[in-house]
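Worksheet: the structure to be examined is printed underneath.
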Amino acid sequence: MSCIVEIALACPLRQTFDYLSDEPVEHWQPGMRAVIPFGSRQLIGIVIAIKPVSEISTGKLKKIEQQIDKQSFLPVEIMQLVQWVSRYYHHPIGECFQAALPKKLRLGDSDEMQTETYWALQQIPDSKPGKKQQQILDLLEDYPEGLSEKALRLQLGNVKSSLSALAQQNVITARQHVALPVPCLELQLAVSLNNEQKQSVEQVIAEKEQFSSFLLQGITGSGKTEVYIEICREFVENQQQVLVLIPEIGLTTQFVERFRHSLATNIVVINSSVSDADRKQAWLLARSGKADIIIGTRSAVFTPMLNPGLIIIDEEHDSSYKQQDGLRYHARNVALMRAKTLNIPIVLGSATPSLETLYQVKLKRYQLLRLTKRAGGATLPNIKLIAANKTADNNGLSSVLINSIEKHLQQNHQVLLFINRRGFAPVLMCHECNWQANCRSCDAKMVVHQHQNRLFCHHCGLIQTLPKKCPECGHSELKSYGVGTEKIEQALTAIFNDVPVLRIDRDSTQRVNAFANMVKQINQGQAAILVGTQMLAKGHDFHDVTLVGVVDADQALFSADFRATEGLAQLITQVTGRAGRGKKSGEVLIQSEQPEHPFWKKLLQDGYEAIAENLLAERIQMELPPHGFWAVWRAEAKEADLAMQLLQQVAELLQQTASGVMILGPVPALMEKRAGRYRAQLLMRSADRASLHQLIDQHIEAVSKLKLARKGRWSIDIDPTELI
């Protein structure tokens, strides 16, 4: 007997679709995948529900073309999580499933796990084995369950012929086994924790049977990772899985290595730098319970777990956890909802917690765990503010900073210079006619990238050849202004020509393993200068860096974004925390055009906590997030006024029933033109989260049907973190 199958499809329509199946109801389960006709295309969708034919007229329904899975491949918990995400962020459910699944599974691949050859000892050899054969036997003796050929090869090099010889003698035997992550064959001794670290571990473990939210607030270098590892040890020993979220792909290698060398367990990695095949395998290992620890960036929050025990979010304050296009979810908020649903603890770690998290601590919804001392006896660096006057001659570097760099290099130490702007210079100008290199598609300037002889727009990706003369008046003397990582690198190479200068930004780390190779070079410990953007500020543990210099630090002091001060305080605190993390003491020099600004005095005298406390009090007084709730309607169109007109119509709809919700705007975005499209936004604010969502639910269908809504793009951003 046939049935009707309700399916979610990856399309911008905010609905599910009914299809007719010749199979009976019992052949279908929510969470299966099916191939269906959609217009002129074939799409793969996720089954949401199954209905008997009697409920609806089937005359106009198209038939399902293929059932991919024989049983549900998505666990019920993930189905419910994705449906919650769709409701909370008011985003089409089919696109939410797309965000939650690895690419190969989205495209219809089988959900069977890859296998590989494992070798195990069978008997003692009759004759004396060769050197390589003996090494293989010694290793296998420690692993009675067997070791994969990949693990043997990584440890001993080419082992093919030796394995064949031992197999022919029946000394070892091969079998196919699910491909697991290669184990670390040389575990390090567990680190001795200080009292604060022990107390933090004990408090989390004491509540391991229930949902509890913890903020692990530890100063930079206080050993938060060691606390994570020890908590994980307890859960893994109890056969429970742990999901660990980190903000940046660049942190993955160092972070995973520390876990692998401390815990004899299966650790998988899920992020966009992992191959599609490996990502699929990691996801399936987690779903089957064979992966004990899952470490990943934002999208890993949707990874299924058979035996979930704990979620950890490292650097929880980091803006990378918020997706800024498509499904605009915040991984921290999704993780909190997931932990609550699963009734398991969640640990949020940071040296500079977000105001959202500190507000929850203030309301006593999160328990605060503190680490106030640097681990291993390291001391906090000495921080000084220096005036950035007379820096033009040295491409943005003051003489005080240059002298200090020289002193640290002479002691064979490493220096880290932070500037949050890649490229050579942000402005190219002609003094004859005042022409400037502006992007033709954005309200932004083109950035000079001298190494590549190009002008880049960092907003839309437009690339042009660097002009040799002014395109307006033909004058041959064009001057660049401002500094970026390239200009700082060039200046330092000229001043310190016998010391390697490593530039670490998005441009220099595009090649596969480029960043990991640079980190290896840094960890060798020779004198070197590291120049980089935010990639260097987050979580890295460089024990030989004794001087951190912050160049052009004032950019956020005069920003239109009310969150800019919080972000600047977090960034400066994080980057200064890279100094003196080992046995060598550290020094930090912050170069500022505004050394008298009260922000600097407050940050250097009282620290991040005092800044955060003041900012939170201001936000509460002004009813700004996290005290109030915001949603932003965004629109963009190729025609100049269309986005504003569309949002004006949205505002009129919302005003009809906007009880308890303030509607502000619409206004053009701060950068109105971007990638050739004109952008506008409409702000909703309320003291009550439910009222905000109810108002959106009331009118979203009507907005979808507006004529102008079909001529431009529009979206809703719940809990926005930027308004640009």
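The values are calculated or read from the model by the stated rules, or taken from the named source; none is laboratory data. Here the structure is a predicted model, which means the values were calculated and not measured. Here Cβ is always computed from backbone atoms with ideal geometry, including for glycine, and neighbour counts include all displayed protein chains. All accessible areas refer to the heavy atoms of the entire protein, side chains included, with ligands and DNA or RNA removed. Shrake-Rupley method; radii C 1.70, N 1.55, O 1.52, S 1.80 Å.
Output the strands (runs of 3 or more DSSP E) that fall wholly within region 266-372 and possess 3 or more residues being closer than 30 Å to GLY628 by Cα, or say none.
Details: elements: 267-270, 293-296, 308-313, 346-350, 367-371.
Those strands (runs of 3 or more DSSP E) span 308-313, 346-350, 367-371.
Would a scan of region 304-318 turn up a residue that is of a type in the set (Asp, Glu), more than 12 Å from the chain's Cα centre (by Cα) and open to solvent by 10 Å² or more (accessible area, probe 1.4 Å)? Spell out the reasoning first.
Restricting attention to region 304-318, the residues satisfying the condition of being of a type in the set (Asp, Glu) are 314-316, 318.
Then drop every residue that is not more than 12 Å from the chain's Cα centre (by Cα), which leaves none.
Looking for residues that are of a type in the set (Asp, Glu), more than 12 Å from the chain's Cα centre (by Cα) and open to solvent by 10 Å² or more (accessible area, probe 1.4 Å), one finds none in region 304-318, hence no.
Which residue is surrounded by the most Cβ atoms within 10 Å (Cβ to Cβ), if the candidates are limited to region 170-193 and must be small (Gly, Ala, Ser) and within 25 Å of GLY223 (Cβ to Cβ)? So that I can check it myself, show each step before the final result.
Of all residues in region 170-193, those small (Gly, Ala, Ser) come to 174, 179, 190, 192.
Next cut, within 25 Å of GLY223 (Cβ to Cβ) only: 190, 192.
On the way: ALA190: 12, SER192: 10.
Of everything passing the filter in region 170-193, ALA190 is surrounded by the most Cβ atoms within 10 Å (Cβ to Cβ).
Is there a residue in region 495-506 that is touching a helix residue (DSSP H, G or I) at 6+ places or on another chain (Cβ under 9 Å), modelled with pLDDT under 85, buried (at least 20 other Cβ atoms within 10 Å of the Cβ) and not in a strand (DSSP E or B)?
Yes, the conditions are met somewhere in region 495-506.
Tell me whether region 443-459 contains one or more residues that are within 35 Å of the chain's Cα centre (by Cα), basic (Lys, Arg) and over 30 Å from SER585 (Cα atoms).
In the first step, residues of region 443-459 are kept if they are within 35 Å of the chain's Cα centre (by Cα); the result is 443-459.
Still in the list and also basic (Lys, Arg): 445, 454.
Still in the running and over 30 Å from SER585 (Cα atoms): 445, 454.
So far as region 443-459 goes, yes, one or more of its residues are within 35 Å of the chain's Cα centre (by Cα), basic (Lys, Arg) and over 30 Å from SER585 (Cα atoms).
Would a scan of region 701-723 turn up a residue that is open to solvent by less than 20 Å² (accessible area, probe 1.4 Å), modelled with pLDDT of 95 or more and aromatic (Phe, Trp, Tyr)?
no
Residues checked against (1) modelled with pLDDT of 85 or more; (2) outside any loop (DSSP other than H, G, I, E, B); (3) over 23 Å from the mean Cα position of the chain (by Cα):
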site: ASN517; (1), (2), (3): no, yes, no
site: GLN521; (1), (2), (3): no, yes, yes
site: VAL531; (1), (2), (3): yes, yes, no
site: HIS543; (1), (2), (3): no, no, yes
site: THR546; (1), (2), (3): yes, yes, yes
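Can you give me the number of residues within region 444-470 that are surrounded by fewer than 17 Cβ atoms within 10 Å (Cβ to Cβ) and touching a Leu at 6+ places or on another chain (Cβ under 9 Å)?
10
Return the residues of region 18-42 that are open to solvent by less than 30 Å² (accessible area, probe 1.4 Å) and more than 29 Å from the chain's Cα centre (by Cα); say none if nothing qualifies.
Result: TYR19, LEU20, SER21, PRO24, TRP28, ALA34, VAL35, ILE36, PRO37.
Give just the number: which of (1) open to solvent by 30 Å² or more (accessible area, probe 1.4 Å); (2) among the aromatic types (Phe, Trp, Tyr); (3) in contact with a strand residue (DSSP E or B) (Cβ under 7 Å, 6 or more places away or on another chain) does PHE562 not satisfy?
Every listed condition holds for PHE562 apart from (3).
From the list LEU74, LEU81, exactly one residue is more than 16 Å from ALA10 (Cβ to Cβ), open to solvent by less than 50 Å² (accessible area, probe 1.4 Å) and touching a residue at least 60 places away in the same chain (Cβ under 8 Å). Which is it? Steps first, please.
Details: LEU74 fails: more than 16 Å from ALA10 (Cβ to Cβ).
Only one candidate qualifies: LEU81.
Would you check which residues across region 555-601 are touching a His at 6+ places or on another chain (Cβ under 8 Å) and free of Cβ contacts under 8 Å to residues at least 60 places away in the same chain and list them? Give the steps one after another, and end with the answer.
Start the filter on region 555-601 by keeping residues that are touching a His at 6+ places or on another chain (Cβ under 8 Å), which leaves 557, 570, 578, 581-584, 587.
LEU557, the sole residue that qualifies.
Show the residue pairs that are 6+ apart or on different chains and have beta-carbon atoms under 8 Å apart, the first residue being within region 498-520 and under 14 Å from GLY423 (Cα atoms), the second being small (Gly, Ala, Ser) and surrounded by fewer than 18 Cβ atoms within 10 Å (Cβ to Cβ).
Hits for this filter: SER508/ALA514.
Before we move on, is THR546 more than 21 Å from ASP314 (Cβ to Cβ), open to solvent by less than 10 Å² (accessible area, probe 1.4 Å), polar (S, T, N, Q) and out of contact with any Cys (no Cβ under 6 Å at 6 or more places or on another chain)?
Details: more than 21 Å from ASP314 (Cβ to Cβ): yes; open to solvent by less than 10 Å² (accessible area, probe 1.4 Å): yes; polar (S, T, N, Q): yes; out of contact with any Cys (no Cβ under 6 Å at 6 or more places or on another chain): yes.
Yes; evaluated as a whole, the condition is true for this residue.
For MET662, only one of the following conditions fails: (1) touching a strand residue (DSSP E or B) at 6+ places or on another chain (Cβ under 9 Å); (2) assigned to a helix (DSSP H, G or I); (3) open to solvent by 50 Å² or more (accessible area, probe 1.4 Å). What is its number?
For MET662, the failing item is (2).
Out of LEU61, LEU74, LEU81, report the one residue that is of a type in the set (A, V, I, L, M) and at pLDDT below 95. Spell out how you get there, then give the answer.
Values: LEU74 fails: at pLDDT below 95; LEU81 fails: at pLDDT below 95.
Sole residue among the options that is of a type in the set (A, V, I, L, M) and at pLDDT below 95: LEU61.
Does region 61-68 include one or more residues that are surrounded by fewer than 19 Cβ atoms within 10 Å (Cβ to Cβ), at negative phi and in contact with a Pro (Cβ under 6 Å, 6 or more places away or on another chain)?
Taking region 61-68 as the starting set, the residues that turn out to be surrounded by fewer than 19 Cβ atoms within 10 Å (Cβ to Cβ) are 61-63, 65-68.
Within this subset, residues satisfying the condition of being at negative phi are 61-63, 65-68.
Filter again for in contact with a Pro (Cβ under 6 Å, 6 or more places away or on another chain), leaving 62.
Yes, because at least one residue in region 61-68 is surrounded by fewer than 19 Cβ atoms within 10 Å (Cβ to Cβ), at negative phi and in contact with a Pro (Cβ under 6 Å, 6 or more places away or on another chain).
Restrict the check to region 521-543 and report whether at least one residue is hydroxyl-bearing (Ser, Thr, Tyr) and over 24 Å from ILE402 (Cα atoms). Working first, answer last.
Narrowing region 521-543 to residues hydroxyl-bearing (Ser, Thr, Tyr): 533.
Pick out the ones that are also over 24 Å from ILE402 (Cα atoms) and you get none.
So far as region 521-543 goes, no, none of its residues is hydroxyl-bearing (Ser, Thr, Tyr) and over 24 Å from ILE402 (Cα atoms).
When only residues in region 206-243 that are in a helix (DSSP H, G or I) and over 22 Å from PRO353 (Cα atoms) count, which is most open to solvent (accessible area, probe 1.4 Å)?
Step one: filter region 206-243 for residues in a helix (DSSP H, G or I), giving 206, 224-237.
Still in the list and also over 22 Å from PRO353 (Cα atoms): 206, 233-237.
On the way: ALA206: 84, ARG233: 60, GLU234: 52, PHE235: 1, VAL236: 30, GLU237: 121 Å².
Checked region 206-243; the qualifying residue most open to solvent (accessible area, probe 1.4 Å) is GLU237.
Quick one: in region 471-494, of everything that is in a loop (DSSP other than H, G, I, E, B) and of a type in the set (Asp, Glu), which residue is most open to solvent (accessible area, probe 1.4 Å)? Steps first, please.
Keep residues of region 471-494 that are in a loop (DSSP other than H, G, I, E, B), which gives 471-477, 482-484.
Subset that is of a type in the set (Asp, Glu): 472, 477.
On the way: GLU472: 136, GLU477: 110 Å².
So, considering only residues that are in a loop (DSSP other than H, G, I, E, B) and of a type in the set (Asp, Glu), the one most open to solvent (accessible area, probe 1.4 Å) is GLU472.
Taking into account only those residues within region 618-641 that are open to solvent by less than 60 Å² (accessible area, probe 1.4 Å), assigned to a loop (DSSP other than H, G, I, E, B) and not aliphatic (A, V, I, L, M), which is nearest to LEU363 (Cα to Cα)?
Restricting attention to region 618-641, the residues satisfying the condition of being open to solvent by less than 60 Å² (accessible area, probe 1.4 Å) are 619-620, 624-626, 628-637, 640.
Checking which are assigned to a loop (DSSP other than H, G, I, E, B) leaves us with 624-626, 628, 640.
Add one more test, that the residue is not aliphatic (A, V, I, L, M), and what stays is 625-626, 628.
Numbers: PRO625: 14, PRO626: 12, GLY628: 14 Å.
Step by step, filter region 618-641, then rank; the result is PRO626.
Which helices (runs of 4 or more DSSP H) sit wholly inside region 68-132 and have at least 3 residues that are of a type in the set (A, V, I, L, M, F, W, C)?
Helices (runs of 4 or more DSSP H) meeting the threshold: 76-88, 93-100.
Which of the residues belonging to region 671-702 are in a strand (DSSP E or B) and touching a His at 6+ places or on another chain (Cβ under 6 Å)? Steps first, please.
Within region 671-702, the first condition is being in a strand (DSSP E or B), and the residues that meet it are 671-674, 677-686.
Selection gives ARG674 alone.
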